[in-house]
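What follows is a short report on a single structure.
What follows is calculated from the coordinates using simple rules that are stated; it is not laboratory data. Computed from a predicted model, the values in this text were never measured in an experiment. Reconstructed Cβ throughout: ideal geometry from the backbone, glycine too, with neighbour counts over all protein chains shown.
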Amino acid sequence: MSKITGLTVRTVRVAMTHPHRTAGGIVAESPLVLIDLQTDSGVVGHSMVFTYTPAALRATGELIRNMADLIRDDALAPFEIEAKLSKRFRLLGTQGLVGIAIAAIDMAVWDAFSRQMNKSLVRLLGGVEKPIPAYAGVGFDGAEGSARAASGWVERGFKGVKAKIGYPTVQEDVAVVRAMRKAVGDDVTLMVDYNQSLTPVDAIERLRVLDDEGLAWVEEPTLAHDYEGSAAVARAARTLVQSGENWWGVLDLRHALDAEASDLIMPDVMKIGGVTAWLRAAALAESKGVRMSSHIFPEISAQLLCVTPTAHWLEYIDWWNPVLKNPLRIAQGMTDVTNVIGTGVEWDEAAVARFEV
Ligand SMILES: [Mg+2]
């Protein structure tokens, strides 16, 4: 079995082709840490993590760089590395930037392991490539802007579109949903995302109005870690509550499931802890019969959903395509992960050089 010999860590700020308007301001770039994990067999594993704000970019890169010494000369065995790093950081805690760093290494180790076997991640995990329905996102763009953006995605073949809402009044939220519905017709699945902006009582009130709009889900109506508040919303609303992108680790997910905080779940492969943790999350979801979708990270998530028993939707984004050699392919609104080696993450080096900081 080959051994890990080192890590190369780079930080990039990737400009977005279409700046993304959110309730918290305009997002115009993606701060990413790119990891290359070297092995003594010559195989290199790749992974990337997203720090949301450039303020956390350098610190996250440095943290990952500092972890190289902890795994040097270790066997390319993802479960062993995950156990070692989780134990090593138990006193500090494995959420936040530490969690991101551990996930970065976990995903790079899985990538190197599958590349060494000359397989895709999904084949390495014993699965087969399956098309998963993908939806795309619309920003905080008002009724007209959201409808226009939704039509654009549907013209590209997507069968689901999710809009950010949480306007000053519920009437404005409804206007966005109706404008989108009118623009895309009845066959397209529509979801909405409040990005944790409401109190439980506000959410219950707004959902009384939104419940008749035929939405597939309402995402993060309230604080992601207020499991009881979210459970109250889920009980009161007919629309299914979706949540998960902000849960750190499998234990958060278990607490949320135990509290019945969400009807549907969508862990983020980075915040949940990488591939190793995703597999455990998928097992928990299956045990409860809860449908599981993904959050951003489309390349690796498209493969993981193929081995997720209750796989539901893939969240599609193209924000990081500029630095990727082979971004995820979508055909007729479905993912296509055929002919991929590893997790599918590989750099366009010329582009990386342009965006590196
Ligand atoms: Mg969301």
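Regarding Arg291, is this residue surrounded by fewer than 22 Cβ atoms within 10 Å (Cβ to Cβ), among the basic types (Lys, Arg) and within 16 Å of the ligand (Cβ to nearest atom)? It is true that Arg291 is surrounded by fewer than 22 Cβ atoms within 10 Å (Cβ to Cβ), among the basic types (Lys, Arg) and within 16 Å of the ligand (Cβ to nearest atom). Step by step: first the residues of region 262-309, then only those that are under 17 Å from Met191 (Cβ atoms) and polar (S, T, N, Q), then the one that is nearest to the chain's Cα centre (by Cα). Which residue is that? By that ranking, first place goes to Ser294. One residue stands out among those in region 205-234 that are under 21 Å from Asp258 (Cα atoms) and part of a helix (DSSP H, G or I): the one that is nearest to the ligand (Cβ to nearest atom), which is Ser230. Against the conditions (1) more than 16 Å from the ligand (Cβ to nearest atom); (2) touching a residue at least 60 places away in the same chain (Cβ under 8 Å); (3) assigned to a loop (DSSP other than H, G, I, E, B), Gln303 satisfies every one except (3).
Just name the residue that is farthest from Gly96 (Cα to Cα) out of those in region 235-258 that are within 16 Å of the ligand (Cβ to nearest atom) and assigned to a helix (DSSP H, G or I). The residue in question is Ala256.
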